[in-house]
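What follows is a set of notes on a single structure, which appears directly below.
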Amino acid sequence: MIEAIKEIGKYELKNKGKNIDNSLDLLHILIDDPESNPKKPTYKKILVILIKKVGEKYEYSGVEIEEYDGEKINKYLYKQGSPKGTDITPTSRVTTIDSTFEKTKILPWFNNLQEINLDEGINLVNIGDCIRNNKEQILNDLNEKHSEIDKKEKSVITLKIDGKYVGEYNIFKRILVEESKKGLYSKYGKISKAENEFCYVCNERKKDVYGFVDTYKFYTVDKPGFVSGGFHQKDAWKVYPVCLNCALVLEVGKKYVNDNLNFNFYGFNYFLIPKFINKEGYESKKEIFKLIENQQDPKFAKKEVKRFTQDEKEILEVMSEQKNYLNMNFMFYEAPKGLGGSVFNILLYVEDILPSRLKKLFDEKREVDKMDIFKECMAPVFKDKKKIGEVSLEFNFGILRTFLPKISKNRTYDKYFLDIVNKIFTNKQVNYDFLMQFIMQKIRDEFVNGYSTDSTKISTLKGFMLLNYLNNINILKTNKKI
Ligand SMILES: [Zn+2]
């Protein structure tokens, strides 16, 4: 999986005309877009604190509002830091003006300054003094400008020194690069890196390798004693050493996966990660990735697509039509606080699924969907808990989820559900009696709780449909004749 993500990263860099060995392009990979979510514009206003150099000292000369400009993200040089600490540079998203400017981000950034090198004639210590000395005035001016902004729009605070943005000074860029590297080798108060060792990902001997590269936590050193035989976090580089170049390409690949290969799945999410089997060239990769991107865009999406999930962006049918020069890897996960959040649990990997397997799954779905008994069964369709219509029963993973649901926060059949999903993809046997218990339980519950006969009938047919489907793809293990 890690190679597949690296390949996607390489593809995306080439597609965007970027070169990882070029330091400007490297910077582009490291910075965050303060607006962050292009699909839902949010941080639209930039509050700029103006600082001017006079002799050796700096003077504060006011606050300006600018419109956010996507072309300027290199200049804003925003990089999110830890939630409780400052960001990596003095550019920060505003929560409240008081907090962001004075208490948590901008002023504290200068208070924590460790680097006092002069660079391009600017002196960070003196700039910090200037901001500190004019704290009250700056706060007033920021609040005044902020009150002019539409309440629905969010804003960002940054600086301009002598008319130039933070990202136009080398010193801030250098801090950004060094701090970003630090994240790869410094954690839990431990330093884990080595010189002249082999990188786990590219297999090359590299000047520096780092121990805390955790793309999707494939390998995690959160827990002391995680590796048997005694394990010290500072020795993490010995288990999973990664060079800077690979770490960054993985970061690009991860971003592409998050943005384009991320799908909903009945209370979970999954990443669908294509892996090219024979080192395909750039053009054939591009063809696949364009197809995937287009299928998720209502303007280009193929109409009348069959689906296995409720996610309208699902691309499985399109993938099932590909030749077997690539395979698919599914990573089911939960991230209750979002992808950037602190919780990310991998629930299941399904690896090396060929398009021909998916095609078989879709072909059998069509066969089952065609059966009159299911076609004639009209099941209600809900949106936001309201009934919006009726459609014929069709096989999808929702049918399976009907019988293996999440019942409450503490009671759930998630594990069984994912286990059977895995077996469907990988052609492994499902025990008939085991499954039957859950089907019967659901139907019995509905009956006992006085649900309408319609509802009980639909559940019964869903159970029958599930058994039929599993039987058709030859994974139902039973001595009974169905
Ligand atoms: Zn490497």
Distance from the Cα centre of the range 393-409 to that of the range 56-72, in angstrom?
54 Å
Hey, rough spin-label estimate for residue 321 and residue 137, points 7 angstrom out along Cα→Cβ, what's it come to in nanometres?
6.6 nm
Obtain the nm distance between the two label points defined at residue 304 and residue 65 by a simple spin-label model: each point lies 7 Å from its Cα along the Cα-to-C-beta direction.
5.2 nm
Past the 30 Å Cα-Cα mark, which pairs from 181/313; 45/135; 44/103?
181/313
Between helix 244-260 and the chain: long-axis angle, C-alpha atoms, 0 to 90°, nearest 10:
50 degrees
Any idea how far the Cα center of the range 77-101 sits from the one of the range 340-361, in Å?
35 Å
Taking the Cβ of residue 145 as the centre, find all other residues whose Cβ is under 11 Å away and add up their charges (Lys, Arg: +1; Asp, Glu: -1).
-4
Degrees between helix 124-133 axis and first principal axis of the chain (Cα, 0 to 90, nearest 10)
90 degrees
Quick one: pull the percentage of alpha-carbon pairs in the range 371-482 with a separation above 25 Å.
22 percent
What's the Cα-based Rg to Rh of the chain, Rh via Kirkwood?
1.04
Work out how much length residue 386 to residue 202 would gain on full extension: take 0.36 nm times their residue separation and subtract the Cα-Cα distance, in nm to one decimal.
61.0 nm
Ignoring ligands, DNA and RNA, what accessible area per residue does the chain give at 1.4 Å, in Å²?
53 Å²
With a Förster distance of 25 angstrom and the Cβ-Cβ distance between residue 191 and residue 342, calculated FRET efficiency to the nearest 0.05 equals 0.65
Just from its helices, what would the mean residue ellipticity at 222 nm be for the chain, if runs of 4 or more DSSP H residues each count -39500 (n - 2.57) and the sum is divided by every residue, rounded to the nearest 500 deg cm²/dmol?
-12000 deg cm²/dmol
Once you keep just the Cα pairs under 8 angstrom separated by 6 or more residues, what percentage relative contact order results for the range 261-357?
31 percent
Each label point is 7 Å from the Cα along the Cα-to-Cβ direction; what then is the distance between the points at residue 431 and residue 174, in nm?
6.5 nm
Can you pull the percent of the chain's accessible area that's carbon plus sulfur, 1.4 Å probe, other chains left in place?
48 percent
How much length is gained on full extension from residue 284 to residue 10, taking 0.36 nm per residue of separation minus their Cα-Cα distance?
97.3 nm
Checking rank on 86-98, 196-208, 260-272, with mean other Cβ inside 10 Å and highest first, the result is 86-98, 260-272, 196-208
With a Förster radius of 35 Å, plug the Cβ-Cβ distance of residue 96 and residue 264 into 1/(1 + (r/R0)^6) and report the FRET value to the nearest 0.05.
0.55
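The values are calculated or read from the model by the stated rules, or taken from the named source; none is laboratory data. Being a predicted model, the structure only gives us computed values, none of them experimental. Cβ: placed from backbone, ideal geometry, glycine included. Neighbour counts: every protein chain shown. To get the accessible areas, we keep the full protein, side chains included, count just its heavy atoms, and leave off ligands, DNA and RNA. Shrake-Rupley method; radii C 1.70, N 1.55, O 1.52, S 1.80 Å.
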